[in-house]
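Report on the structure given below.
The values are calculated or read from the model by the stated rules, or taken from the named source; none is laboratory data. Keep in mind that what you see is a predicted model, and the values were worked out from it rather than measured. Glycine gets a Cβ as well: all are built from the backbone with ideal geometry, and neighbour counts include every protein chain shown. Note: areas computed on protein heavy atoms with side chains; ligands, DNA, RNA excluded. Shrake-Rupley method; radii C 1.70, N 1.55, O 1.52, S 1.80 Å.
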Amino acid sequence: MVRLLQDFTLEANHYVDAAGGKNDMHRTDLNALAVIMRHSAAGHVVTPGVLRAELRLSSPATTALVDRLHASGHVVRERLGADRRQVQLRMTPKAYRDGSAMFMPLAVRMGQAMAAYSPQELDLVSRFMTDMVEATLAARQEATHPEPG
């Protein structure tokens, strides 16, 4: 089971590299857009600091990333608050169009594959994948901050 999850992760990464490469986008660019989309959908403000923390980037790398996304027309920077020092990042309609074009072939293929399963089977797989994500997060936390002794 773990081997299959590793194989899936590897193939998903290969797909992201291929789709992004066709559109002159780095994997980090696509990951950043995914972070922005997830936070925006939850009603949260996305700042360069959020990207830096979630993608584990240095401040200079985060600046370069935001500059690339802005130059490509995928994000806009908006000033927040009365003092206007904090910057919020928002995806543009172009980002949604490009993302849809890049990932629609994958979504279609995955949809076709899922169609062979019953709702009950899909519920079980969903529960399993949720548990695997949570286990991976817990292992990462443990690797990052091991308990003393």
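For the reader, a short list of remarks on this structure follows.
- A 1.4 Å probe run over the protein chains yields, for the chain, 71 Å² of accessible area per residue, whole-number rounding.
- Over the Cα atoms of region 9-149, the radius of gyration divided by the Kirkwood radius equals 1.02; this is the Rg/Rh ratio.
- Separation of region 85-149 from region 21-76 is 16 Å, based on Cα centroids.
- When the square roots of the Cα gyration tensor eigenvalues are ordered a ≥ b ≥ c, the ratio a/c for region 36-83 is under 1.5, which makes its shape rounded.
- Between helix 59-71 and the chain: long-axis angle, C-alpha atoms, 0 to 90°, nearest 10: 90
- Rolling a 1.4 angstrom probe over region 33-119 with all protein chains present gives an accessible area of which 61% lies on carbon and sulfur atoms.
- Put a plus charge on the Cβ of each Lys and Arg, a minus charge on the Cβ of each Asp and Glu, and nothing anywhere else: the dipole of the chain about its Cα centre is then about 660 debye.
- Neighbour cut-off at most 12 other Cβ (10 Å), DSSP loop, trypsin sites (Lys or Arg not before Pro), region 1-92: ARG56, ARG84, ARG85
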